[in-house]
Amino acid sequence: MKHKLTTAVLITALLFSGCSSGEKTTAEEQHEATETIFAMDTTMTITAYGENAEDAVDAAAAEIARLDRLFSVTDENSDIYKLNTEKTAQISEDTYNLIEEALSCSERTNHILNPAIYPVVKAWGFTTRNYRIPDEEELNSLKTHIDPNKIVLDNETMTAAITDPELEIDLGSVAKGYTSGKISKLFNEMGIQSGIISLGGNVQTIGKKTDGSQWRVAVLDPKNQSEYAGIIETDNKAVITSGDYQRFFEENGKIYHHIIDPSTCAPAESGLSSVTIVSENSTAADAYSTALFIMGKEKAADFWRQNKDDFDAVFITNKGEIFITEGLQDCFTPTDKNKKAEIISAEN
């Protein structure tokens, strides 16, 4: 059995901003600070510019560590572990807000984005990397225990409850997006007007680059992750990708990736290799990148048309075709000059 884990969903904008990754460095003449840490099972790089850059980066790293401890499904002291184990738990405000946003995104996507999918992800071995293929009987049984409506929140007591004893939640599909939004707000409070946050492949741009130009975020080519499929120019937005190349295993010549379709409890077979969402709402961008991947291009395009004021998207198919929603036509450039990105119009 072959398996692979890719932590970089995007080649981050740090490559285009002139910041270096690695250990924390500062450049006083530019008031630049950058730090690379490992959290939420991925490598993260935080960069800030301005007089408070060093303090902002230190505060961001501490905040990421704090949120990681709250949202972890494996840390016995986390809110999520406690909720999954005890089925009723009083939780922190951040965990409450994240669960609430995850359930809201689930509702908007007709539960294609499903925070209750954790038992299925475990069954396939994506949590332990002890990969296996569950049989049909097991998958049918799992389907009866992934109803997100069985997750109940009580705002008055800040309590969450799971009413199905076999159900467990995992906020991995929204946690990094929520975290990048929190860091963006933190930077704003500390007077940082230019910066970039790369939480694995979840990129959050803060303002513009110090020269006044937009950030350039590269989207990986799913078939060759040493190359880019295209470049997105943007500012003050999240750029978040879900792809079938990020985490997968191969058995008997077939690839099984980690993006699970709740309707089958198996890896989604949607005809897409990656979906990139560009939005001011980083939590929704994180959720939609997963949900739209599962939907497939046509249903995803219809979903975008219904929500086109909230986000734009890049779809790369299994055949290597690139489709972009019309809001990106002036800021997405394919790397291969001979390859055209087809525009998805707001009109059917």
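Within the set K87/K150; K122/K182; K223/K254; K122/K143, which residue pairs have Cα atoms separated by over 18 Å?
Values: K87/K150 11 Å; K122/K182 28 Å; K223/K254 15 Å; K122/K143 13 Å.
From K87/K150; K122/K182; K223/K254; K122/K143, over 18 Å: K122/K182.
Could you sort H31, H111 by accessible area so the largest value comes first, with the probe set to 1.4 Å? Mind dumping the intermediate values first?
Details: H31 80, H111 50 Å².
From most exposed to least exposed: H31, H111.
Of all accessible surface on the chain at a 1.4 Å probe, what whole percent is carbon and sulfur?
Numbers: 6560 of 15570 Å².
Here carbon and sulfur together make up 42 percent of the probe-accessible area.
Please list, in order along the range 237-248, the HN-Hα scalar couplings obtained from phi with the Karplus expression 6.51 cos²θ - 1.76 cosθ + 1.60 (θ = phi - 60°), rounded to whole Hz, x for Gly and Pro.
In residue order, the calculated couplings are 9, 8, 10, 10, 10, 10, x, 6, 9, 6, 8, 7 Hz.
Where does each of 58-67, 145-154 land if you order them by average Cβ count within 10 Å, highest first?
Details: 58-67: 17.9, 145-154: 16.3.
Packing order, densest peptide first, comes out as 58-67, 145-154.
Report the antiparallel proportion of the DSSP beta bridges in the chain as a percent, rounded to a multiple of 5.
If we restrict to bridges inside the chain, about 95 percent are antiparallel.
Under 16 Å from the Cα of K237, which aspartates and glutamates turn up, not counting those fewer than eight places away in the same chain?
The reachable aspartates and glutamates, counting only those whose Cα sits under 16 Å from K237, are E280, D286, D309, D310, D312, D330.
Determine, for each peptide in 296-308, 156-168, 114-126, the mean count of other beta carbons within 10 angstrom over its residues, then list the peptides with the highest first. Please list the in-between numbers first.
Values: 296-308: 16.5, 156-168: 14.8, 114-126: 22.2.
Sorting 296-308, 156-168, 114-126 by mean packing, highest first, produces 114-126, 296-308, 156-168.
Say R0 is 35 Å: what FRET efficiency, to the nearest 0.05, do A266 and T333 get from their beta-carbon distance?
My answer for the efficiency is 0.50.
Per DSSP H run of at least 4 residues, take -39500 (n - 2.57); add these up for the chain, divide by its residues and hand me the 222 nm value, nearest 500 deg cm²/dmol. The partial results should precede the final answer.
Numbers: 9 runs with 100 residues, N = 348.
Taking each H run of at least 4 residues, the total per residue is -8500 deg cm²/dmol.
At E347 and E227, where each label point lies 7 Å from the Cα along Cα→Cβ, what is the point-to-point distance in nanometres?
With each label placed 7 Å out from Cα toward Cβ, I get 3.5 nm.
Tell me, what is the percent relative contact order of the chain, built from C-alpha pairs under 8 Å that lie six or more residues apart? Working shown, then result.
On the way: 732 pairs, mean separation 64.2, N = 348.
The value is 18 percent.
Residue by residue through the range 45-53, what is 3J(HN,Hα) from phi via Karplus (6.51 cos²θ - 1.76 cosθ + 1.60, θ = phi - 60°)? Round to whole Hz and write x for glycine and proline.
Each residue of the range 45-53 in turn: 10, 10, 9, 9, 10, x, 4, 9, 4 Hz.
Could you calculate the contour length gain from D58 to E166, that is, 0.36 nm times the residue separation minus the distance between their Cα atoms, to one decimal place in nm? Spell out each step's value before the answer.
Numbers: separation 108, 0.36 × 108 = 38.88 nm, distance 3.96 nm.
Stretched out fully, the D58 to E166 stretch lengthens by 34.9 nm.
Below 8 Å between Cα atoms, with a sequence gap of 6+, how large is the relative contact order for the range 193-348 in percent?
On the way: 307 pairs, mean separation 29.5, N = 156.
RCO, the range 193-348: 19 percent.
Heads up, I need the accessible area for T74: 1.4 angstrom probe, whole protein in place, Å², nearest 10.
Ignoring ligands and nucleic acids, T74 comes out at about 100 Å².
With every protein chain present, what is the per residue accessible area of the range 66-191 (1.4 Å probe, Å²)?
Working: 6000 Å² over 126 residues.
Roughly 48 Å² per residue, with all protein chains present.
Can you order the peptides 170-179, 100-109 by their average number of other Cβ atoms within 10 Å per residue, highest first?
Numbers: 170-179: 26.0, 100-109: 19.8.
Final packing ranking: 170-179, 100-109.
For a quick check: with amide H placed at 1.01 Å from N, whose amide H comes under 5 Å from G201's, ignoring anything fewer than 5 positions away on the same chain?
V9, L10
Set the Förster radius R0 to 51 Å, insert the Cβ-Cβ distance between K143 and D211 as r into 1/(1 + (r/R0)^6), and round the FRET efficiency to 0.05. Kindly include the intermediate steps, with their values, before the conclusion.
Details: r = 52 Å, r/R0 = 1.03.
That pair, K143 with D211, gives E of 0.45.
The values are calculated or read from the model by the stated rules, or taken from the named source; none is laboratory data. The structure presented is a predicted model; accordingly, all values stated were derived computationally and were not measured. Don't worry about glycine lacking a Cβ; one is built from the backbone with ideal geometry, like all the others, and counts go over all protein chains shown. Accessible surface areas use protein heavy atoms only, side chains included; no ligands, DNA or RNA. Shrake-Rupley method; radii C 1.70, N 1.55, O 1.52, S 1.80 Å.
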